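In what follows, a single structure is set out as structure tokens and then discussed.
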Number of protein chains: 2
Amino acid sequence: MKKVIVDMDGVMADVYHQLIAFEKRDSGKDINIHDVVGVSELEAFPNGKKHVNEIGFFRTLPLMKGSREAMEYLNNKYDLYIVSAGMEFPNSLREKYDWLAEYFPFITLEQIVLCGSKKVVSGDIMIDDYPKNLKHFSGEKIIFTQPHNHHVEDEDYKRVNSWEEIMNIL
Amino acid sequence: MKKVIVDMDGVMADVYHQLIAFEKRDSGKDINIHDVVGVSELEAFPNGKKHVNEIGFFRTLPLMKGSREAMEYLNNKYDLYIVSAGMEFPNSLREKYDWLAEYFPFITLEQIVLCGSKKVVSGDIMIDDYPKNLKHFSGEKIIFTQPHNHHVEDEDYKRVNSWEEIMNIL
């Protein structure tokens with residue numbers, strides 16, 4: 001059975017909508033997601049660095065549209081693992097664990113990996129929004145479209161724009 | 001540079017000494033490490049399951065003799081990663097992170113992996129005390145002697161009895 005490695009932030013969880021909501025809450029500024037295409041998250045959100053370090057940021061992330069159904073589908077068909085690089089935010093470790101337990105109760109503890117880098121993770125297929133995670137992977141690389149990666153063009157990557165597309169190809 | 005994957009509990013950290021101390025504290029029972037050779041940790045320590053779930057258990061683990069010096073040596077010579085299966089104890093995630101920061105400040109966040117199983121971890125050399133972790137690994141497998149694994153005989157594994165031995169062969 002093929003090993004499929006799926007990223008959390010920006011793939012299973014909708015980080016942009018959270019950053020937009022937190023920015024609006026703190027500064028009143030309304031950031032339109034279409035205005036931040038092609039720039040990094042830190043450039044796009046003036047208070048982004050503060051917000052991702054806030055207690056509760058990762059615990060209350062909204063689901064990426066379609067991710068729950070698609071993950072259930074993948075879980076029935078593949079040897080599925082969730083691999084998230086959360087080590088730079090120590091508070092996020094428990095929050096990610098609790099978030100997964102709430103929204104993806106069919107994922108077992110055995111399937112969760114929290115790491116600082118994904119350089120020692122192996123498998124057959126990786127779905128991620130960050131090229132820095134995909135580039136060390138030896139299997140098939142699927143890049144999940146997010147505003148920050150719109151400019152990335154690499155023939156090594158297959159690009160998907162939604163969870164619906166993932167279900168169509170996997 | 002070769003990737004070396006090192007386990008925490010029972011390799012970098014001395015879990016047996018902590019289990020003995022907690023058992024003594026709670027029941028007054030003095031368990032001699034020589035009496036629990038060849039049996040599982042759960043069989044050896046009547047209150048072991050309760051103790052590993054106690055807040056602070058992983059944060060206050062004593063260092064395995066020689067582990068700090070040897071890890072510093074490995075860190076200078078190899079591409080070193082700490083991979084610990086702590087997902088069944090959600091409190092341990094942050095505790096392990098803080099424990100590493102205290103005793104191994106030269107280890108960066110990029111080098112830490114906390115997971116449920118080690119099936120998606122790849123590298124050249126793995127040092128672990130549990131056969132269940134070593135058996136899926138595709139590289140060189142080094143089993144670190146602990147009371148529970150004394151009975152394990154497998155020509156696939158190279159056995160080491162101390163960190164001094166590790167420094168002699170790596």
* Asked: Considering only residues of the range A:75-90 that are modelled with pLDDT under 95 and facing another protein chain (nearest Cβ under 8 Å), which is surrounded by the most Cβ atoms within 10 Å (Cβ to Cβ)?
  -> A:87
* Somewhere in the range A:44-67, is a residue in contact with a Lys or Arg (Cβ under 7 Å, 6 or more places away or on another chain) and either within 14 Å of chain B (Cβ to nearest Cβ) or touching a residue at least 40 places away in the same chain (Cβ under 8 Å) (or both)? -> yes
* **Answer residue from the range B:21-43, given it is part of a loop (DSSP other than H, G, I, E, B) and in contact (Cβ under 8 Å) with a residue 60 or more places away in the chain and is nearest to residue B:101 (Cα to Cα) among those** => B:40
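Give me the residue from the range B:56-74 that is among the hydroxyl-bearing types (Ser, Thr, Tyr) and surrounded by fewer than 19 Cβ atoms within 10 Å (Cβ to Cβ) and, out of that set, nearest to residue B:105 (Cα to Cα).
Residue satisfying both the conditions and the ranking: B:73.
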* To do: Could you check how many residues of the range A:1-20 are within 14 Å of chain B (Cβ to nearest Cβ) and either assigned to a loop (DSSP other than H, G, I, E, B) or over 17 Å from the mean Cα position of the chain (by Cα) (or both)?
  => 5
* Asked: Scanning the range B:92-102 for residues that are more than 8 Å from chain A (Cβ to nearest Cβ) and over 14 Å from the mean Cα position of the chain (by Cα), which turns out farthest from residue A:95 (Cα to Cα)?
  -> B:102
* Asked: Quick one: is residue B:106 more than 12 Å from chain A (Cβ to nearest Cβ), assigned to a loop (DSSP other than H, G, I, E, B) and either in contact (Cβ under 8 Å) with a residue 24 or more places away in the chain or on the phi > 0 side of the Ramachandran plot (or both)?
  -> yes
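The values are calculated or read from the model by the stated rules, or taken from the named source; none is laboratory data. The shown structure was predicted, so the numbers you read here are calculated from the model rather than taken from an experiment. We place every Cβ from the backbone using ideal geometry, glycine too, and count neighbours over all the protein chains shown.
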